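Novice: Before I ask anything, here is the structure I am working with.
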Amino acid sequence: DAGVIQSPRHEVTEMGQEVTLRCKPISGHDYLFWYRQTMMRGLELLIYFNNNVPIDDSGMPEDRFSAKMPNASFSTLKIQPSEPRDSAVYFCASSLSVAGYTFGSGTRLTVV
Amino acid sequence: DAKTTQPPSMDCAEGRAANLPCNHSTISGNEYVYWYRQIHSQGPQYIIHGLKNNETNEMASLIITEDRKSSTLILPHATLRDTAVYYCIVRVGRGAQKLVFGQGTRLTINP
């Protein structure tokens, strides 16, 4: 089991550019979560999916952020246009039922 | 989901038991207590969870008080690798609903 796989591990981009973060959940897990972590705000839940359907996107900060899950094995989080305040570590996690979540290693995004 | 209160930081000597407290006085009858930890720059790692009985696994033990208003995570023989931020979270158990992380306890294991 390779765990939750996120790519890229690091991303540096210029303000105004589009950024796409990718996540491959654990096979068979039916929940997928996107979190963002900063020093100031800690770990924040952005959005989560159940069986590829978005259930709660109340944590998505603004319309510049969008997330999709076209199938059970892939999800993307897109920021367009990116801003320096979007700099953070973005984590993806997947889960099955009441058991614990498994988190990926994260994508460290720097917007300059 | 019920709110939790944890001390911001704790220290423990290597080889000793680390006892991390968590208060969740507003917990509901159907809410579980979950513990995660985050080692520097890594994703959070699931440790253990329980409803009302004490639980033990290969990583830790979870002691929940009889009134369920508080719990303690015990790392029986702490090592330097246990230095991390530990999060206590309560949430409804049925269905993998969202986990809301607080600030956690920064545990430092000293040699």
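Novice: Out of B:I47, B:S70, B:I27, whose Cα points farthest toward the positive end of the dipole of chain B (charges: +1 Lys, Arg; -1 Asp, Glu; placed on Cβ)?
Specialist: Final value for the positive-end residue is B:I27.
Novice: I would also like to ask the following. Checking the a/c ratio against 1.5 first, then a/b against b/c, what shape does the Cα gyration tensor give for chain A?
Specialist: Cα axes put chain A in the prolate bin.
Novice: Whats the longest run of chain A with zero trypsin sites (Lys or Arg not before Pro) that are DSSP loop and have at most 16 other Cβ atoms within 10 Å?
Specialist: My reading of the result: A:65-112 is the longest stretch.
Novice: Sticking with this one: Could you report the accessible area of A:E11 in Å², rounded to 10, computed with a 1.4 Å probe on the protein chains as they sit in the structure?
Specialist: 60 Å²
Novice: In addition: Take the Cα of A:R85, step 7 Å along the line toward its Cβ, and report every residue of the range A:38-52 whose backbone nitrogen sits under 14 Å from that point.
Specialist: Label zone hits: A:40-41.
Novice: So, with +1 on the Cβ of K and R and -1 on the Cβ of D and E, and no other charges, what is the size of the charge dipole of chain B about its Cα centre, to the nearest 20 debye?
Specialist: Using Cβ point charges on Lys, Arg, Asp and Glu, chain B gives about 280 debye.
Novice: Related question: Between the range B:58-110 and the range A:51-85, how many Å separate their Cα centres?
Specialist: Going from one Cα centre to the other spans 29 Å.
Novice: Could you work out which residue, out of B:K98, B:K52, B:K69, moves most in a Gaussian network model of chain B, that is, has the largest mean-square fluctuation with Cα springs under 10 Å?
Specialist: B:K98
Novice: If you take each beta carbon of peptide B:61-71 and count the beta carbons of other chains within 10 angstrom, what is the mean?
Specialist: 0
Novice: Starting from the amide H of B:K3, placed 1.01 Å from N in the peptide plane, find each other amide H under 5 Å away whose residue is 5 or more places distant or on another chain.
Specialist: B:T26
Novice: Averaged across the residues of B:97-103, what count of C-beta atoms belonging to other chains lies within 10 Å of each residue's C-beta?
Specialist: 6
Novice: Only bridges whose two residues both fall in chain A count here: according to DSSP, what percent of them are antiparallel, nearest 5?
Specialist: So the antiparallel bridges amount to about 90 percent of the total.
Novice: Averaged across B:36-47, how many Cβ atoms of other chains sit within 10 Å of each residue's Cβ atom?
Specialist: Rounded to a whole number, the mean comes out at 5.
Novice: Sequence-distant or interchain residues sharing an amide H contact under 5 Å with B:S70, placed H: which?
Specialist: So B:S70 has HN proximity to B:H24, B:T65.
Novice: Report Rg (one decimal) and Dmax (nearest whole number) for the range A:21-64, counting Cα atoms only, units Å.
Specialist: Calculated on Cα positions, Rg and Dmax stand at 11.5, 34 Å.
The values are calculated or read from the model by the stated rules, or taken from the named source; none is laboratory data. The model shown is predicted, which means the values in this text are computed figures rather than measured ones. Positions of Cβ are generated from backbone atoms using ideal geometry, with glycine treated the same way; all protein chains shown enter the neighbour counts. Each accessible area value is taken on the protein alone, full model and side chains, heavy atoms only, with ligands, DNA and RNA left out. Shrake-Rupley method; radii C 1.70, N 1.55, O 1.52, S 1.80 Å.
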